[in-house]
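Read the structure below first, then the notes.
The values are calculated or read from the model by the stated rules, or taken from the named source; none is laboratory data. Source: prediction; values computed, not measured. Cβ placement follows ideal geometry from the backbone for every residue including glycine, while neighbour counts extend to all protein chains displayed. With ligands, DNA and RNA removed, areas are computed over all heavy atoms of the protein, side chains included. Shrake-Rupley method; radii C 1.70, N 1.55, O 1.52, S 1.80 Å.
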Amino acid sequence: MIDAVDLDAAVSFWSGLLGLAETHRFEQYALLEEIAPGTRLTIQQVDSITADKSPIHFDLAPADFDEFVARVEELGGRLLRIINHPQYDLVVMTDVSGNEFCVNQRTSIPRSRAEDHTRHG
C-alpha cells in the first residue's frame, strides 16, 4: 500500500515505473496488476502524508487469516487494532521493530476478538 495525496499522479508514476496497469479503482484506492501471485500494489488516496504513519506499508491477504495472525504473534508481532468496514475487514499489526502492516480478510472479525483487543490493546 502506498499513500498518495494525488491518486492519479501516483498511479501514473508507479504504473509507469513498474510497467503495471491499473486494474481496479474504488473509493480512494487504485489497484495495479499483480507483481507476483497474490501480491499487488495498491495506492490509497489520503488527505496528507504525516510523520505518524508510514506512507508505504504491506497489506497482506493470507489464505488462512486466523492462522496467519497467530503466526505473526508467535514471531513477536503485535495486534494494534481491528478495522471492520462494509467492503473489507482487517487488522493492523506490527513486526518486531514496530513497523505497521495490515492483514486483510474477507469475512468479519469475530466481535469477541475485537472486544478482547479493545480491553487489552
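Numbers at a glance
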quantity	calculated
In the stretch 62-76, residue nearest to Met93 (Cα to Cα) [restricted to those that are open to solvent by 70 Å² or more (accessible area, probe 1.4 Å) and part of a helix (DSSP H, G or I)]	Glu73
Residues being modelled with pLDDT of 90 or more and within 30 Å of Ala9 (Cα to Cα) - total across the stretch 43-80	5
Extreme residue, surrounded by the fewest Cβ atoms within 10 Å (Cβ to Cβ), among residues of the stretch 9-21 that are assigned to a loop (DSSP other than H, G, I, E, B) and of a type in the set (A, V, I, L, M, F, W, C)	Ala21
Scan of the stretch 22-54 for residues that are in a loop (DSSP other than H, G, I, E, B) and open to solvent by 50 Å² or more (accessible area, probe 1.4 Å), ordered by number	Glu27, Gln28, Pro37, Gly38, Asp47, Ser48, Ile49, Thr50, Ala51, Asp52, Lys53, Ser54
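Every residue, every condition in (1) out of contact with any strand residue (DSSP E or B) (no Cβ under 9 Å at 6 or more places or on another chain); (2) under 22 Å from Gly38 (Cα atoms); (3) modelled with pLDDT of 90 or more; (4) of a type in the set (Ser, Thr, Tyr), yes or no:
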| position | (1), (2), (3), (4) |
| --- | --- |
| Ile83 | no, yes, yes, no |
| Tyr88 | no, yes, no, yes |
| Val91 | no, yes, yes, no |
| Glu100 | no, yes, no, no |
| Gln105 | no, yes, no, no |
| Ser112 | yes, no, no, yes |
| Arg119 | yes, no, no, no |
